[in-house]
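**Student:** The structure's right below; bear with me while I get my questions together.
No lab work stands behind these numbers, since they all come straight from the coordinates. Not measured: the values here are computed from a predicted model. Here the Cβ is made from the backbone with ideal geometry for all residues, glycine too, and neighbour counts use every protein chain on show.
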Amino acid sequence: MLIMVGVVMARVRLRLRELAERKGLKLSHVQRQSGLDLGLVRRYWHNQTGRVSLNELGILAKLLKVKPGDLLTEVLEDKKN
């Protein structure tokens, strides 16, 4: 018999704010230079989104001079059943 004690789930977190601030950039600068909607950039900046467009990720990566994958990091969390 198998008893499930806990399940490890992976979530992805955006590193937009972290990487932008390392380069001395503020949210408003990222928004203006990327041409993306302010509300969208704000949600990405504060990790308040459930979905990320690959196109938008590419635009932000190009602006920050990083690879698109650098904008994402995996966050592991235990989920108790």
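**Student:** Determine, for VAL52, VAL30, VAL41, VAL12, the number of other Cβ atoms within 10 Å of each Cβ, and report the residues in order from fewest to most. Intermediate results must be reported in sequence, preceding the final value.
**Tutor:** On the way: VAL52 18, VAL30 24, VAL41 21, VAL12 12.
So the residues, fewest neighbours to most, are VAL12, VAL52, VAL41, VAL30.
**Student:** Let me ask another. Run through segment 12-75 and list the GluC sites (Glu not before Pro) located in a DSSP loop whose Cβ has at most 16 other Cβ atoms within 10 Å. Before the final figure, lay out the partial values.
**Tutor:** Details: sites: GLU18, GLU21, GLU56, GLU74; in loops: none.
Of the GluC sites (Glu not before Pro), not one in the loops of segment 12-75 has a Cβ with at most 16 other Cβ atoms within 10 Å.
**Student:** Which shape class, rounded, prolate or oblate, goes with segment 25-70 when its Cα gyration tensor gives a ≥ b ≥ c as root eigenvalues, a/c under 1.5 marks rounded, and past that a/b bigger than b/c marks prolate?
**Tutor:** Values: a/c = 1.57, a/b = 1.05, b/c = 1.50.
Oblate, since a/c reaches 1.5 and b/c is not below a/b.
**Student:** Placing unit charges on C-beta atoms (Lys and Arg positive, Asp and Glu negative, everything else neutral), compute the dipole magnitude of segment 15-73 about its Cα centre in debye, rounded to 20. Don't skip to the answer; put the middle values down first.
**Tutor:** Values: 12 positive and 5 negative charges, 25 e Å.
The calculation lands at about 120 debye.
**Student:** Please go through segment 17-81 and write out the trypsin sites (Lys or Arg not before Pro) that DSSP classes as loop and that have at most 10 other C-beta atoms within 10 Å. Show your work: numbers first, answer last.
**Tutor:** Working: sites: ARG17, ARG22, LYS23, LYS26, ARG32, ARG42, ARG43, ARG51, LYS62, LYS65, LYS79, LYS80; in loops: LYS23, LYS26, ARG51, LYS65.
Hits after loop and neighbour filter: ARG51, LYS65.
**Student:** Would you kindly derive the ³J(HN,Hα) couplings of segment 64-69 from the backbone phi angles with the Karplus curve 6.51 cos²θ - 1.76 cosθ + 1.60 (θ = phi - 60°), listing them in order in whole Hz, with x for Gly and Pro?
**Tutor:** Calculated HN-Hα couplings, in order: 8, 6, 9, 7, x, x Hz.
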